[in-house]
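Read the structure below first, then the notes.
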């Protein structure tokens, strides 16, 4: 299993770097559209649709929503809105990000109140609704972050948005990897029934590593941070939300009685198994960093 994980990671890393740094914004959006389609197929499985045709229809619906946002919105280079962060004008991309905040809050409530008994959120339609909001928010978030600093009128940095996306992913990976290592070495106190293998010691270790990455990112990315306390509080919040994102997918899998959301990534499971935390973190990362104008782009 570990060998498979390492091989898959080594194969994927060049593709990730190519996606983040070497493609134009419109091609980037198209590739993310495909990634979200594949994630939607897995979400339909977690929603307990049994037939492949239902998985495909759900994924096509998500793609239709994303394409509609793309078609009816301003140019990608100004996503999520021409107004943000100076004032709120509800363009479609910004609207989906704000609606996603409510569903992220609900996902936290679900994890905190998790029960294996039948609950209000366990129906197909409710779980599908979560996907219908959170997956387009993932799409919008990735494009909004990637376009930050993107050249307009010959001025800008083509790679800056890619660096920000990599920074966000490192924050999430640090929370996950730090939790795994610390939990293996020191874990004694179980965190939750949603994911019995997780421990408080592991979560604390993961969050600590994520905060350390966030601290280092200030100088590496030349972030315009003028209030260190607020910045570290945001990084801490993102690390905690990353944990809840992982636990929310675990809750969906436990209710559906499946181990992995898919088998697309040998040794890792499905795309949702790797990007579960990213779904909840990405909207918050973009909205908080852009609101406080920490992006140097």
Within 20 Å of the chain's Cα centre (by Cα), in a helix (DSSP H, G or I), under 25 Å from residue 252 (Cα atoms) and at pLDDT 90 or above: is that true of residue 170 in this structure? yes
Tell me, please, whether a residue that is in a loop (DSSP other than H, G, I, E, B), touching a strand residue (DSSP E or B) at 6+ places or on another chain (Cβ under 9 Å) and touching a residue at least 24 places away in the same chain (Cβ under 8 Å) can be found in the range 140-153. no
Just the residues that are touching a residue at least 40 places away in the same chain (Cβ under 8 Å) and under 10 Å from residue 131 (Cα atoms), please, taken from the range 47-62. 47, 58, 62
Restricting to the range 37-76, name every residue that is under 21 Å from residue 251 (Cβ atoms) and assigned to a loop (DSSP other than H, G, I, E, B). 47, 48, 49, 50
The lone exception for residue 107 - which of (1) in contact (Cβ under 8 Å) with a residue 24 or more places away in the chain; (2) over 14 Å from the mean Cα position of the chain (by Cα) it fails: (2)
Could you check residue 119 against (1) without any contact (Cβ under 8 Å) to a residue 24 or more places away in the chain; (2) within 22 Å of residue 36 (Cβ to Cβ); (3) surrounded by 13 or more Cβ atoms within 10 Å (Cβ to Cβ) and say which number it fails? (2)
Go through (1) under 20 Å from residue 82 (Cα atoms); (2) crowded, with 22+ Cβ neighbours inside 10 Å; (3) free of Cβ contacts under 8 Å to residues at least 40 places away in the same chain and name the single condition residue 178 misses. (1)
Quick check on the range 77-96. Is at least one of its residues part of a helix (DSSP H, G or I), without any contact (Cβ under 8 Å) to a residue 60 or more places away in the chain and more than 20 Å from the chain's Cα centre (by Cα)? no
For the range 226-243, give me each residue that is in contact with a helix residue (DSSP H, G or I) (Cβ under 7 Å, 6 or more places away or on another chain), surrounded by fewer than 22 Cβ atoms within 10 Å (Cβ to Cβ) and either modelled with pLDDT under 95 or under 16 Å from residue 180 (Cα atoms) (or both). 240
Those residues of the range 1-29 which are surrounded by fewer than 14 Cβ atoms within 10 Å (Cβ to Cβ), in a helix (DSSP H, G or I) and at pLDDT 90 or above, in sequence order: 26, 27
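The values are calculated or read from the model by the stated rules, or taken from the named source; none is laboratory data. What you are looking at is a predicted structure, and each value in this text was computed from that prediction instead of being measured. Glycine also receives a Cβ, built like all others from the backbone with ideal geometry; neighbour counts cover every protein chain displayed.
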